[in-house]
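Scroll down for the structure; my scribbles are underneath it.
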Amino acid sequence: DTEVTQTPKHLVMGMTNKKSLKCEQHMGHRAMYWYKQKAKKPPELMFVYSYEKLSINESVPSRFSPECPNSSLLNLHLHALQPEDSALYLCASSHLAGGPGQETQYFGPGTRLLVL
Amino acid sequence: AQSVTQPDIHITVSEGASLELRCNYSYGATPYLFWYVQSPGQGLQLLLKYFSGDTLVQGIKGFEAEFKRSQSSFNLRKPSVHWSDAAEYFCAVGAGTGNQFYFGTGTSLTVIP
């Protein structure tokens, strides 16, 4: 099973709202990722968690706050977002057994976020 | 620095015709290469990957890709395209710390009847 699930599928929020995106995998992967994808563009890496610890933060604004409560779950907390943050947010996971770049990333279906 | 180039932004092919999507990479060490496909509004689905060994790799949905180190290329091919293959295709190289992926800009495929 190579499934990564994401909820909700769609989310509309105002600029003063607080919301959270959820990602889950049960493949025993110990790396999890958040990406942001604008239309017709490749995914942009936001955060990487390795063994439930934040290992990469690609200079993402603090209005995005990731959390990894356990090895199967990854959250992205959203607060005071801007309209330009509207995008598809993708979660991915992978093993960490190999060396750099060796591990295949498996992606979820994404959450389509609209900020009004 | 690592980078991936997909020279073709958009390709249109007739159903039943052959397809080749180009991917060139820049990476100092042995690259780990991937092709993903993304249907509108969906996540990325892995088509195939190359780590080592046979330079011609087979993937799902009848796709294959050939790794050519001398040309720094990893082109994706399919002998006969189906209408359902219309999607965005991304080439990626895995490298660096934290298992980072470097994606190409993508190629949008349109299939005409």
For this session: Go through the range A:1-56 and name the trypsin sites (Lys or Arg not before Pro) that are in a DSSP coil and have 11 or fewer other Cβ atoms within 10 Å of their Cβ.
Result: A:Lys9, A:Lys40
For this session: Considering Cα pairs under 8 angstrom that are at least six residues apart, work out the relative contact order of chain B and quote it in whole percent.
Result: 38
Problem set entry | DSSP beta bridges in the protein assembly as shown [antiparallel fraction, %, rounded to 5] | 90
Seminar exercise, completed: Highest GNM mean-square fluctuation among B:Ala65, B:Ala92, B:Ala29, for chain B with Cα springs under 10 Å, belongs to B:Ala29
Seminar exercise, completed: Residue-ordered couplings for the range B:25-31, obtained by feeding phi - 60° into the Karplus form 6.51 cos²θ - 1.76 cosθ + 1.60 and rounding to whole Hz (Gly and Pro as x), are 10, 10, 7, x, 10, 5, x
Seminar exercise, completed: the range B:1-66: relative contact order from alpha carbon pairs under 8 Å, six or more residues apart, as a whole percent, is 22
For this session: Go ahead and collect, in residue order, the members of the range B:69-113 whose backbone nitrogen is under 20 Å from a label point 7 Å along the Cα-Cβ direction of B:Ser14.
Result: B:78-87, B:109-113
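All of the numbers you see were taken from the coordinates with simple rules; none came from a lab. For clarity, every value in this text was computed on a predicted model and none was experimentally measured. Counting neighbours? That spans all protein chains shown, and the Cβs are built from the backbone with ideal geometry, glycine included.
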